[in-house]
Amino acid sequence: MFAITLGTDGAELRPLEPWQADEFLAHIDRGREFIGRYNGLPDVITDLASSRAYLQSYAEKTASDTGRIYGIRADGELVGAILLRTMDIEQGVAEAGCWLEPSAAGKGLVTRAVRAVVDWAVEARGIHRIEWWVASANAPSIAVARRLGMTKEGVLRENYLYRGERHDMEIWSVLAPEWRAHKASS
């Protein structure tokens, strides 16, 4: 299995696969409430079978070139993930997403991980547009979008029904030429 180094602190990005369902479930359990503030994943990953099924769905997306999931590791422990939730090679459009356990927050791990995955999507897979959908109340995720040179395109008002409450969703994006320019200036 390959690993992409995310800096000098030992953090790495590695693919997540169905055989890691136990570890993935333990990771979700450690961060269940924190992750679940804006992300419905903890409501989906409730036991080993659902953990395996979720990772299997991304194994199938990887095989069909329609998505990817990578674990963010700190000191060898799974502490978060970045995914390409959707990836349409023909249209050149992908949607990225992420989450972290509370112990890993505030260390720049998501920014570094998303940077690696977006760069791969643009440069290796020819993706022209990367989207970032985020709840308007999720300030840390919006800060990541800004750090990556994304542009806020709009707000879908009360678009996302989550745990009985409607949330506004912001759509941010970066286009391949913008990505390359941002990368060159960083």
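The values are calculated or read from the model by the stated rules, or taken from the named source; none is laboratory data. Predicted, not measured: the structure shown is a model, and the values here were computed from it. A quick note on method: Cβ atoms are made from the backbone with ideal geometry, for glycine too, and the neighbour counts reach across all protein chains shown. These area figures cover heavy atoms from the full protein model, side chains too; ligands, DNA and RNA do not enter into them. Shrake-Rupley method; radii C 1.70, N 1.55, O 1.52, S 1.80 Å.
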In segment 178-185, is there at least one residue being hydrophobic (A, V, I, L, M, F, W, C) and part of a strand (DSSP E or B)? no
Hits in segment 1-42 (condition: of a type in the set (Val, Ile, Thr) and either in contact with a helix residue (DSSP H, G or I) (Cβ under 6 Å, 6 or more places away or on another chain) or under 16 Å from VAL79 (Cβ atoms) (or both)): ILE4, THR5, ILE28, ILE35
Only one of ARG115, ARG73, ARG166, ARG85 is over 23 Å from LEU55 (Cα atoms) and basic (Lys, Arg), namely ARG166
Leading residue by the ranking (surrounded by the most Cβ atoms within 10 Å (Cβ to Cβ)) among those in segment 128-143 that are under 15 Å from the mean Cα position of the chain (by Cα) and more than 22 Å from GLY92 (Cβ to Cβ): SER141
Since THR46 meets every condition but one in (1) in contact with a strand residue (DSSP E or B) (Cβ under 9 Å, 6 or more places away or on another chain); (2) assigned to a loop (DSSP other than H, G, I, E, B), which condition does it not meet? (1)
Are there any pairs with C-beta distances below 8 angstrom linking a residue in segment 45-64 that is within 13 Å of ALA26 (Cβ to Cβ) and among the small types (Gly, Ala, Ser) to a residue that is open to solvent by less than 60 Å² (accessible area, probe 1.4 Å) and not in a helix (DSSP H, G or I), with the two at least 6 apart or on different chains, and if so which? SER51/ILE45
Looking for whichever is over 27 Å from ALA63 (Cα atoms), assigned to a strand (DSSP E or B) and open to solvent by less than 30 Å² (accessible area, probe 1.4 Å) here; the options are GLY149, GLY154. Which one fits? GLY154
How many residues, within segment 21-40, are part of a helix (DSSP H, G or I) and either surrounded by fewer than 18 Cβ atoms within 10 Å (Cβ to Cβ) or basic (Lys, Arg) (or both)? 8
Kindly provide the set of residues from segment 148-169 that are out of contact with any Leu (no Cβ under 6 Å at 6 or more places or on another chain) and either within 18 Å of LEU83 (Cα to Cα) or hydrophobic (A, V, I, L, M, F, W, C) (or both), ordered by number. LEU148, MET150, VAL155, LEU156, LEU161
Could you list, in sequence order, all residues of segment 72-127 that are assigned to a helix (DSSP H, G or I), in contact with a Gly (Cβ under 7 Å, 6 or more places away or on another chain) and surrounded by fewer than 15 Cβ atoms within 10 Å (Cβ to Cβ)? PRO102
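Yes/no matrix, rows are residues, columns are (1) modelled with pLDDT under 95; (2) aliphatic (A, V, I, L, M):
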{"site": "LEU109", "(1), (2)": "yes, yes"}
{"site": "ALA113", "(1), (2)": "yes, yes"}
{"site": "ARG129", "(1), (2)": "no, no"}
{"site": "PRO140", "(1), (2)": "yes, no"}
{"site": "ARG163", "(1), (2)": "yes, no"}
{"site": "ARG166", "(1), (2)": "yes, no"}
{"site": "ILE171", "(1), (2)": "no, yes"}
{"site": "PRO177", "(1), (2)": "no, no"}
